[in-house]
1. Take Thr76 and decide whether it is modelled with pLDDT of 90 or more and of a type in the set (Val, Ile, Thr).
2. Among the listed residues Ile17, Ile63, which satisfies the condition of being at pLDDT below 60 and either of a type outside the set (Lys, Arg) or not in a helix (DSSP H, G or I) (or both)?
3. Being part of a helix (DSSP H, G or I) and within 21 Å of the chain's Cα centre (by Cα) is the filter here; which residues of the stretch 96-110 pass it?
4. Given the criteria at pLDDT 75 or above and not in a loop (DSSP other than H, G, I, E, B), does Ser71 qualify?
5. Of all residues in the stretch 77-92 being in a helix (DSSP H, G or I) and within 15 Å of Gln109 (Cβ to Cβ), which is nearest to the chain's Cα centre (by Cα)?
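The values are calculated or read from the model by the stated rules, or taken from the named source; none is laboratory data. Keep in mind it's a predicted model, so treat the numbers as computed, not measured. Reconstructed Cβ throughout: ideal geometry from the backbone, glycine too, with neighbour counts over all protein chains shown.
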Amino acid sequence: MKAVVWHGTIQHPTDAIVRITSTALDHRRLRGAATPMPMMELFDKQIQIRMGQANVKSWVGEIMPLLTDESDPLGTESFATHRLPLEDAPGAYEMFQKKQDGAIKLVLQP
């Protein structure tokens, strides 16, 4: 997944030339209706707008038993490349950030 972070302001939606396959947006920036969307201009420029929500609450009941099952039916135990005690968190964060020692997913254990 590609995440796009924008810290500026686009004055008009058609001012942007966009080609993104996947986007993560901060929903807090989408509140309100500062300006209406110029739908015809977006249509003319063939800009697609897609929206959706991660309906997490509806999946919790089904996924939690699979995640907590000792037999690991989803294979989630193999995701972690490192397991470290919680007190090693500062060094673990640096190792992860710098991708040292093949760090992809770290689990801090209390």
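1. Spelling it out, it is not the case that Thr76 is modelled with pLDDT of 90 or more and of a type in the set (Val, Ile, Thr).
2. Of the residues listed, the single one that is at pLDDT below 60 and either of a type outside the set (Lys, Arg) or not in a helix (DSSP H, G or I) (or both) is Ile17.
3. Scanning the stretch 96-110 gives Phe96, Gln97.
4. no
5. Phe79
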